[in-house]
Structure formats: structure tokens, C-alpha cells
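The values are calculated or read from the model by the stated rules, or taken from the named source; none is laboratory data. Computed from a predicted model, the values in this text were never measured in an experiment. Positions of Cβ are backbone-derived with ideal geometry, glycine not excepted, and every protein chain shown enters the neighbour counts.
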Amino acid sequence: MEADSAKLFAAALAIAIGGFGPAFAIGKLAAKAMEAIGRNPEAAGKIQVPMLIAMAFAEAIAVYALVVALIIKFV
């Protein structure tokens, strides 16, 4: 029973930490992109695509954290 509790705690910790980082990064990316577009509206097209790609890479890290949490829980 102790091992099950430890596994659940470790899985929860993995997804909590693994979700916080990407969420913070995505928020910072969006804030800086909106700030840049506010300063130079003509560059919106050049800013938006790299911003979305960077957000997708940050979100992939959250998916990796989810996979690690599931491995911890079920293996």
C-alpha cells in the first residue's frame, strides 16, 4: 500500500511540475508576442507563426510530462 501511495504522489508531482513549466512558457510567449505586435502591428504575420510554433514545442513538453506520469503510475 505504501508503494502505491508513493507512485501516485510521484505521478502527481511529475505532471504538476511538468505542466507548470509549459504553462508559464506559453503565457510568456503570448505576452511578448502581443507586446511586439502592439509596438509594430505590421509585423503581426511575421511574429504570429513563430509564436505558434514555439507554443507547440512548449506544449509537447507537457505531453512528455504526462507520459512520464502515466509510466510512473502504471509501471
Of everything in region 24-75, what is closer than 28 Å to Asp4 by Cβ and not β-branched (Val, Ile, Thr)? Give them in sequence order. Ala62, Tyr64, Ala65, Leu66, Ala69, Leu70, Lys73, Phe74
Give region 1-11 a look and list any residue that's farther than 12 Å from Ile71 by Cα, surrounded by 11 or more Cβ atoms within 10 Å (Cβ to Cβ) and of a type in the set (Gly, Ala, Ser), or say none. Ala6
State whether one or more residues within region 18-30 are closer than 14 Å to Ile72 by Cα, surrounded by 12 or more Cβ atoms within 10 Å (Cβ to Cβ) and modelled with pLDDT under 95. yes
Right, Ile53: surrounded by 12 or more Cβ atoms within 10 Å (Cβ to Cβ) and either in contact with a helix residue (DSSP H, G or I) (Cβ under 6 Å, 6 or more places away or on another chain) or not polar (S, T, N, Q) (or both) or not? no
For region 8-34, what are the residues that are among the aliphatic types (A, V, I, L, M) and without any contact (Cβ under 8 Å) to a residue 40 or more places away in the chain? Leu13, Ala16, Ala23, Ala25, Ile26, Leu29, Ala30, Ala31, Ala33, Met34
